[in-house]
Amino acid sequence: MKLIVLTAILGIVAVVVAQNSKPAPAAALHVSNTFSFTVNAPQKVVAPLFGAHLERAWAEGWDPQFVYPQPAEDKAGEVFTINHGSHSSTWINTAHDLEKGHIQYAYVIPQAMAVLIDIHAVSSGPNTTQVAVTYERTALSPGLNDHIRQQGESDAKSGPHWQKAIEDYLKKEGKLR
């Protein structure tokens, strides 16, 4: 009899707990995507093109508004803003080592996402540079997970576009080998 009563009590407790439990909140999505490409120019020519100021030369529509330094200069610690439609993001250059070909940015679009962009431009021959770009995106709200997923998928396909834009610029400047 005690076993039946105990089983009944445990069953009632389980039902009450299940009815009063809230589902675990959805987690904000984090994605990481890398693309790579080769540029037919020396590393010392290619690496500087990933500084926010010099990127204007090859990236159509790229228009960073420098907060620091003034006048605009590509260096570690630079801070600038970018408009994304009705949103604005604040970017910080967290690494700018041209000798090693390492450039990195972190930026946040408030209420939307945090992003880390890690770029490595490494010599793969006297006149070629291998570029690898990793985007890490984190939704700041689970409601933006689908958008982050789509952005990540788009990031992963960016290599050919970046390569063409950089090589077109270098051809125009007479720096492409």
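The values are calculated or read from the model by the stated rules, or taken from the named source; none is laboratory data. If you're wondering where the values come from, they're calculated on a predicted model, not measured in any experiment. All Cβ positions, glycine included, derive from the backbone under ideal geometry; neighbour counts span all protein chains shown.
The set of residues in the stretch 3-39 being over 18 Å from the mean Cα position of the chain (by Cα) and modelled with pLDDT of 95 or more consists of Thr38, Val39. Let me confirm something: among Ala121, Ala132, which residue is farther than 21 Å from Ser89 by Cβ, outside any helix (DSSP H, G or I) and under 15 Å from the mean Cα position of the chain (by Cα)? The unique qualifying residue is Ala132. Pairs linking a residue in the stretch 91-103 that is in a loop (DSSP other than H, G, I, E, B) to a residue that is among the aliphatic types (A, V, I, L, M) and surrounded by fewer than 16 Cβ atoms within 10 Å (Cβ to Cβ), with Cβ atoms under 7 Å and 6 or more positions apart or on different chains, are Gly101/Val122. Arg177 - would you say it is touching a Leu at 6+ places or on another chain (Cβ under 9 Å) and either modelled with pLDDT of 95 or more or closer than 14 Å to Leu49 by Cβ (or both)? Judged against the criteria, Arg177 is not a match.
Could you tell me whether the stretch 105-114 includes any residue that is in a strand (DSSP E or B), within 23 Å of Val31 (Cβ to Cβ), among the hydroxyl-bearing types (Ser, Thr, Tyr) and within 18 Å of the chain's Cα centre (by Cα)?
Yes.
Looking only at residues of the stretch 27-64 that are of a type in the set (A, V, I, L, M) and part of a loop (DSSP other than H, G, I, E, B), we find that the one that is farthest from Gln150 (Cα to Cα) is Ala41. Of the residues making up the stretch 82-103, one or more are of a type in the set (Val, Ile, Thr) and touching a Pro at 6+ places or on another chain (Cβ under 7 Å). Looking across the stretch 150-174, the residues that are farther than 17 Å from Gly51 by Cα and of a type in the set (S, T, N, Q) come down to Gln150, Gln151, Ser154, Ser158. For the stretch 104-116, residues that are modelled with pLDDT of 95 or more and either surrounded by fewer than 19 Cβ atoms within 10 Å (Cβ to Cβ) or aromatic (Phe, Trp, Tyr) (or both) total 7. Among the residues making up the stretch 128-159, those that are in contact with a helix residue (DSSP H, G or I) (Cβ under 8 Å, 6 or more places away or on another chain) and either loosely packed, with under 15 Cβ neighbours inside 10 Å or of a type in the set (A, V, I, L, M, F, W, C) (or both) are Val131, Val133, Ala139.
Flag: Val67 matches the condition of being surrounded by fewer than 16 Cβ atoms within 10 Å (Cβ to Cβ), free of Cβ contacts under 8 Å to residues at least 24 places away in the same chain, of a type outside the set (Lys, Arg) and not in a helix (DSSP H, G or I).
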